[in-house]
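The structure under discussion appears below in the form of structure tokens.
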Amino acid sequence: MHEKATVGQMCGRYRIKDPALIRAATRRLVEGEIALVEFAARYNVPPQTDLPVVLMKDGSAKMQLMRWGLVPYWETSSQPKLAPINARSGEAFAKPIFRQAIQKRRCLIPADGFYEWPKIEWGLKQPAFFSLAGERPFFFAGIYENAVEGLRPATFTLFTTEPNALLLRLPHERMPVILEEDRANEWICEASIAENAFKELCRTYPAEKMQSWPVSSLINKPANDGPQCCAPVSAESPLPPRPSQGIFEF
């Protein structure tokens, strides 16, 4: 029996607002020519969606559409029980579901923002949007599995790491691994990678290079997919009083 994957507790939504800027950032990232795919702007991308992914194959960079939610290479069912959308980078190197892909199928997932929901034990959850300063494009670190003809398309997952100070304010336990420039190029090279180098690339992105603001609960429904999803709002509802000690504690 294969070992169960450990997911990274990153909330499963991100944004690709400006495809032209994302394609331009991808061209700047790689040396030489790269085949780019067409994709639409999305303000509220949920799992199990076909999305652009950047990878190296036979010495050349390419972009292709893959489905968010990694299906293990050994899975032969048309309805797999396991398709994690993210994975803890600190534990992934030893996990059978991720180990081979880390060495052979690393990829970059372009985006220009992502969403998180604060983990508040006794209150409501206020969604928040996160991006780099200036909302410029960046890349999540990920891995992929190839398509299986007649069964499923290629699939991918994102890695998570320890939160920076911006995420800790929520508070939130994890954040996605964000890569730019040299680190992104190192990630998608076809060479194998040692565990210490893998963990170094998965280090936490600096809080001072990011920005964040609260957004409305429109983001909770994947059917809502417009600019209003990432528009700044005031906190929608004050937190109710914390219950007396003992109500939720044993």
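Summary table
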| quantity | calculated |
| --- | --- |
| Positions within segment 174-196 being surrounded by 15 or more Cβ atoms within 10 Å (Cβ to Cβ) and more than 25 Å from ALA25 (Cα to Cα), in sequence order | ARG174 |
| Residue list for segment 173-191, filter: closer than 20 Å to PRO84 by Cβ, outside any helix (DSSP H, G or I) and among the hydrophobic types (A, V, I, L, M, F, W, C) | MET175, VAL177, ILE178, LEU179 |
| Whichever residue in segment 192-209 is aliphatic (A, V, I, L, M) and in a helix (DSSP H, G or I) and, among such residues, is nearest to LYS62 (Cα to Cα) | LEU201 |
| Residue list for segment 75-94, filter: touching a helix residue (DSSP H, G or I) at 6+ places or on another chain (Cβ under 9 Å) and either closer than 17 Å to LEU108 by Cα or not in a helix (DSSP H, G or I) (or both) | LEU82, PRO84, ALA87, SER89, ALA92, PHE93, ALA94 |
| Scope segment 134-172; condition in a loop (DSSP other than H, G, I, E, B) and over 30 Å from TYR73 (Cβ atoms); matching residues | ARG136, PRO163, ASN164, ARG169, LEU170, PRO171, HIS172 |
| Enumeration of residues in segment 166-212 that are touching a helix residue (DSSP H, G or I) at 6+ places or on another chain (Cβ under 7 Å) and free of Cβ contacts under 8 Å to residues at least 60 places away in the same chain | LEU166, ARG183, GLU186, ALA207 |
| Residue within segment 59-74 that is under 28 Å from ALA231 (Cβ atoms), in contact with a strand residue (DSSP E or B) (Cβ under 7 Å, 6 or more places away or on another chain) and outside any strand (DSSP E or B) present | yes |
| Matching entry among ALA165, ALA207, ALA128 (being surrounded by 16 or more Cβ atoms within 10 Å (Cβ to Cβ), among the aliphatic types (A, V, I, L, M), at pLDDT below 95 and farther than 22 Å from PRO96 by Cα) | ALA128 |
| Matching residues in segment 38-58 - criterion: being part of a loop (DSSP other than H, G, I, E, B) and either surrounded by 15 or more Cβ atoms within 10 Å (Cβ to Cβ) or of a type in the set (Ser, Thr, Tyr) (or both) | PHE39, ALA41, PRO46, PRO47, THR49 |
| Out of PRO96, PRO84, sole residue that is over 19 Å from GLU208 (Cβ atoms), touching a residue at least 40 places away in the same chain (Cβ under 8 Å) and surrounded by 15 or more Cβ atoms within 10 Å (Cβ to Cβ) | PRO84 |
| Some residue of segment 223-230 being in contact with a helix residue (DSSP H, G or I) (Cβ under 6 Å, 6 or more places away or on another chain), outside any loop (DSSP other than H, G, I, E, B), modelled with pLDDT of 95 or more and buried (at least 17 other Cβ atoms within 10 Å of the Cβ) | yes |
| Candidate set: segment 1-23, residues that are among the small types (Gly, Ala, Ser) and modelled with pLDDT under 95; chosen: the one surrounded by the fewest Cβ atoms within 10 Å (Cβ to Cβ) | GLY12 |
| Single unsatisfied condition, ILE219 versus (1) within 18 Å of ARG99 (Cα to Cα); (2) in a helix (DSSP H, G or I); (3) in contact with a Lys or Arg (Cβ under 8 Å, 6 or more places away or on another chain) | (1) |
| Tally of residues being in a helix (DSSP H, G or I) and over 19 Å from the mean Cα position of the chain (by Cα) across segment 14-31 | 4 |
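The values are calculated or read from the model by the stated rules, or taken from the named source; none is laboratory data. Note that the structure is predicted; figures quoted are calculated from it, not measured. Because the Cβ atoms are built from the backbone with ideal geometry, glycine has one as well, and the counts that use them run over all protein chains shown.
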